[in-house]
1. Sort out which residues of the range 18-58 are of a type outside the set (Ser, Thr, Tyr), surrounded by 15 or more Cβ atoms within 10 Å (Cβ to Cβ) and either outside any loop (DSSP other than H, G, I, E, B) or in contact with a Cys (Cβ under 8 Å, 6 or more places away or on another chain) (or both), and write them in order of number.
2. Can you tell me how many residues in the range 1-17 are within 27 Å of the chain's Cα centre (by Cα) and in a loop (DSSP other than H, G, I, E, B)?
3. Only one of (1) in a loop (DSSP other than H, G, I, E, B); (2) modelled with pLDDT of 95 or more is not met by Ala96, so which one is it?
4. Got a number for residues in the range 114-147 being in contact (Cβ under 8 Å) with a residue 60 or more places away in the chain and either outside the structural domain of Ala91 (by TED's automatic domain parsing) or acidic (Asp, Glu) (or both)?
Amino acid sequence: MSVHRAAVTWALDGGDFLARRYSRAHTLSFEGGLEVAGSPSPHIVPAPYSRADAVDPEAAFTASLSACHMLWFLDHASRAGFVVASYLDQAEGTLARNAAGKLAMTRVALRPKIAFSGDPRPTPQEIAALHHAAHADCFIANSVTAEVVVEEP
């Protein structure tokens with residue numbers, strides 16, 4: 001077992017809280033000192049109460065799944081003797097109503113473009129097996145109810 005910590009900091013900036021006219025911008029702080037600007041998505045909370053240049057929870061969720069899958073993919077590829085030269089995933093998370101009618105992240109599509117170098121190079125079947133193993137091992141994928149799919153280019 002390991003424990004992972006993050007802090008979320010917000011303070012009223014002079015807006016009218018009771019009228020719901022206040023900034024929702026906040027700061028996400030992580031172990032090691034990294035701080036990231038956070039905000040609700042401007043698609044959900046319009047400006048000026050959100051920030052388009054900040055990370056929203058839905059994008060962070062999508063990125064978390066993508067990064068976890070990538071890290072496991074790299075590990076499995078290395079163990080199989082394949083050298084990954086680069087990995088780019090243009091992941092897309094979908095916020096929609098679930099079966100209970102609640103807004104939820106219902107689907108995350110991973111769209112990795114992977115370049116290999118050296119020999120041997122994996123076959124399409126071996127790449128699919130690496131993705132399957134990565135998905136099975138991904139801690140984040142094992143923690144969510146959203147559908148997570150890998151869409152091959």
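The values are calculated or read from the model by the stated rules, or taken from the named source; none is laboratory data. In this text the structure is predicted, and so the values were computed from the model without any measurement. Positions of Cβ are backbone-derived with ideal geometry, glycine not excepted, and every protein chain shown enters the neighbour counts.
1. Selection gives His26, Leu28, Gly38, Val55, Pro57, Glu58.
2. Qualifying residue count, the range 1-17: 7.
3. (1)
4. Residues in the range 114-147 being in contact (Cβ under 8 Å) with a residue 60 or more places away in the chain and either outside the structural domain of Ala91 (by TED's automatic domain parsing) or acidic (Asp, Glu) (or both): 1 in total.
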